Amino acid sequence: MDSALTLTNDMKLVLGLVGFTMAMFLFERIRADVVAMIVLVALGITGLIAPEEIFGGFSGNAVMSIIATTILGAGLDRTGALNRLAFWLLRRGHGIEQRLLLMTTGIAGLNSSFMQNPSVMALYMPVASRLASRSGLTLPRLLLPIASAIVMGGALTMVGNSPLILLNDLLISANNNLPSGMATLEPLRMFAPLPVGVALLIASLLYFRYYGSKALKQETETSTAPARTESYFANTYGIEGEVYELTVTADSPLVGMSMGDAESLHDAPLILALQTGNDTRLAPPADMRIWVGSVLGVMGKRPDVQDFAQNRFLKLSSRLRRFGDLFNPSRAGISEAVVPPTSGFIGKTAAELRLRQQSGISLLAINRDKKVMREDVRKVSLRAGDMLVFHSIWQDLAQAAKGRDFVVVTDYPKGEQRPHKFKVAMGIFAATIVIALTSRLPVALTLWTGVAGMLVTGVLRMDEAYASISWKTVFMMAGLIPLGWAMDSSGAAAWVAGHTVEQLPEGIPVWVLQIALALLTTGFSLVISHVGATIVTVPIAINLALAAGGNPTAFALIVALSASNNLMTASNPVISMVVGPANYTSKQLWRVGGPMSLIYTLVVVASVNLMFWLEARF
């Protein structure tokens, strides 16, 4: 490589655009996606990228893979897959904090290998909240380890995070400017980085097992964790406990009794559902009758429910065989709503309004002037300002709220949930993985095969797929991809690499260059995001490898992996999502995340070099 390459006007323009991008991202005067569009337009107007190629980023494999992984994640979310996972983790954790933390972080890391990291973190937020409410672990001790595992798990495949998705496009682009006689750089297969991802995930689990978790406990033990839904309703309204199924036997005095009469029994738990024959109702009407073989879905403390079942000759089951989908948190749950002054509910009782029959909503409690009423709430006339506690299917609640007779103040899933499509979604997801493992199809096409399957089978509707896409991410990535092309085609990357090598001592080991490049990329990611850091640094890394006699693909992979190595600041989209709910301070993030980022760098450099060495030998 010619290290004396002259700095041309085109190079100056490209490096100027890189500087502009870094400054705009750092000072945040303009939105990141708008900055990307400005750069895109500048590259086109100046002729650095040909007009017929300037919008190629929008149709590139990287952007299409980002869109596909987002839609696949939305499909899994609609089926309540991770809510089922929360139940499973609670059962398998057996109340042992370390086991629960290890299982949760490990599975979160595996989940992130096929979904965009922010999407996985969004799905795990309610899972973490539920686990925190049912165990001794606080949100601060859960969220950062989960976020770290998600970042590490993103390295298991080429679609786990944006930098790796971008890498193949940048490798293909670099082929246009390689020295004559140089072998072309091949795009990496779906599971190419798997050994590196496994090493990173194990490092994260061990780090939080022996140091990070203890440090977080010390840092946050005096802090106040944000309120959690389950504990909030328990403390405020006395509504607590698990959900159980009670089967009515022939000897039970409940046989022939109406729901309203059963609820009025002095020791009755909250009766939320009833199944009689093929008729299954959440919030069953008060006049619905209970017969032999009917199954009640009740909520309460286990000792209280056991006493009620024993006294009324009912068979108790803690496993939800009939109401599993109905009580899935992604489909139904408890909420609060305020009665406004203009409500048609004022002066009427829940019995008169027939909330169950008309809207499928159970009224559990009323909070009036800081006084909580739970006895005979269906007979209480409602007033303006009353806080009502409901249990319902989210979709029914959203429909009823359109009438403006109450205002829901609890955040809840607004879209339709489809837990009955869980097996279909998981089957399609598994088939997508099998295709990726056994075929030579491009990664983007493999992912879109799964997307097509979810749309055809009704796991997801087309409008929901459109709504799930983060268009800000799409436009930012598509706008900046040509900047990476320009770094290569203008020679700017080669110029930077050549002059860097000139300044280095002779005989410097390749691995030292790789560590320096990894740290530089990490620094860039703190300023210009992981996408920007990848696009700017990968061309430099490839040219630096050529100048130093290293493996260009290995250098590029180290850079792409290092672009996600930000566990210390909220500039990482995953970390930004956990800072607020866990009340992390900058000091806490740097103290716990800083050492993990250094370990990340060492593990990446060592494992990438080992992987390529073994590949060359065998």
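Side notes on the structure shown:
- Answer residue from segment 306-355, given it is over 30 Å from LEU76 (Cβ atoms) and in a strand (DSSP E or B) and is nearest to the chain's Cα centre (by Cα) among those: VAL338
- Number of positions in segment 400-412 that are touching a residue at least 40 places away in the same chain (Cβ under 8 Å) and either farther than 28 Å from ARG368 by Cβ or loosely packed, with under 14 Cβ neighbours inside 10 Å (or both): 4
- Top-ranked residue of segment 242-280 - restricted to ones that are out of contact with any strand residue (DSSP E or B) (no Cβ under 9 Å at 6 or more places or on another chain) and not in a loop (DSSP other than H, G, I, E, B), ranked as farthest from GLY333 (Cα to Cα): ASP261
- For segment 1-30, residues that are farther than 21 Å from SER173 by Cβ, among the hydrophobic types (A, V, I, L, M, F, W, C) and in a loop (DSSP other than H, G, I, E, B) total 3.
- Considering residues of segment 528-565 that are under 26 Å from the mean Cα position of the chain (by Cα) and not in a helix (DSSP H, G or I) only, the residue farthest from ILE165 (Cα to Cα): ASN565
- Of the helices (runs of 4 or more DSSP H) that lie entirely inside segment 408-503, those containing 3 or more residues that are at pLDDT 85 or above and β-branched (Val, Ile, Thr) span 422-438, 443-456.
- Any hit, segment 153-170, residues being in a loop (DSSP other than H, G, I, E, B), at pLDDT below 85, crowded, with 24+ Cβ neighbours inside 10 Å and among the polar types (S, T, N, Q): yes
- Filter pass, PHE475 being touching a residue at least 60 places away in the same chain (Cβ under 8 Å) and more than 22 Å from LEU326 (Cα to Cα): yes
- Of all residues in segment 44-68, those satisfying the criterion of being of a type outside the set (Val, Ile, Thr) and not in a helix (DSSP H, G or I) are GLY47, LEU48, ALA50, PRO51, GLU52, GLU53, PHE55, GLY60.
- Of all the numbered requirements in (1) surrounded by 15 or more Cβ atoms within 10 Å (Cβ to Cβ); (2) of a type in the set (Ser, Thr, Tyr); (3) under 19 Å from the mean Cα position of the chain (by Cα), TYR466 misses one, and that requirement is (1).
- Enumeration of residues in segment 373-399 that are small (Gly, Ala, Ser) and surrounded by fewer than 20 Cβ atoms within 10 Å (Cβ to Cβ): SER381, ALA384, GLY385, ALA398
- Residue that is farthest from LEU272 (Cα to Cα), among those in segment 346-383 that are in contact (Cβ under 8 Å) with a residue 40 or more places away in the chain and of a type in the set (D, E, K, R): ARG383
To keep it simple, each residue is scored yes or no on (1) in contact with a helix residue (DSSP H, G or I) (Cβ under 6 Å, 6 or more places away or on another chain); (2) closer than 19 Å to MET373 by Cβ.
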residue	(1), (2)
PHE313	no, no
LEU316	yes, no
LEU320	no, no
VAL338	no, yes
SER343	no, yes
GLY347	no, yes
ARG354	no, no
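- Selected residue [aromatic (Phe, Trp, Tyr), surrounded by 19 or more Cβ atoms within 10 Å (Cβ to Cβ) and at pLDDT 85 or above] from PHE323, PHE345, PHE313, PHE327: PHE345
- Residue in segment 581-602 that is crowded, with 16+ Cβ neighbours inside 10 Å, out of contact with any Gly (no Cβ under 9 Å at 6 or more places or on another chain) and within 21 Å of GLY479 (Cβ to Cβ) present: no
- Scope segment 571-586; condition within 16 Å of GLY532 (Cα to Cα) and assigned to a loop (DSSP other than H, G, I, E, B); matching residues: SER571, ASN572
- Total residues in segment 599-618, condition touching a Pro at 6+ places or on another chain (Cβ under 8 Å) and small (Gly, Ala, Ser): 1
- Residue within segment 31-39 that is assigned to a loop (DSSP other than H, G, I, E, B), in contact with a Leu (Cβ under 8 Å, 6 or more places away or on another chain) and touching a residue at least 40 places away in the same chain (Cβ under 8 Å) present: no
The values are calculated or read from the model by the stated rules, or taken from the named source; none is laboratory data. All values derive from a computational prediction rather than experimental measurement. Methodologically, a virtual Cβ is constructed for each residue, glycine included, from the backbone with ideal geometry; neighbour enumeration extends over all protein chains shown.
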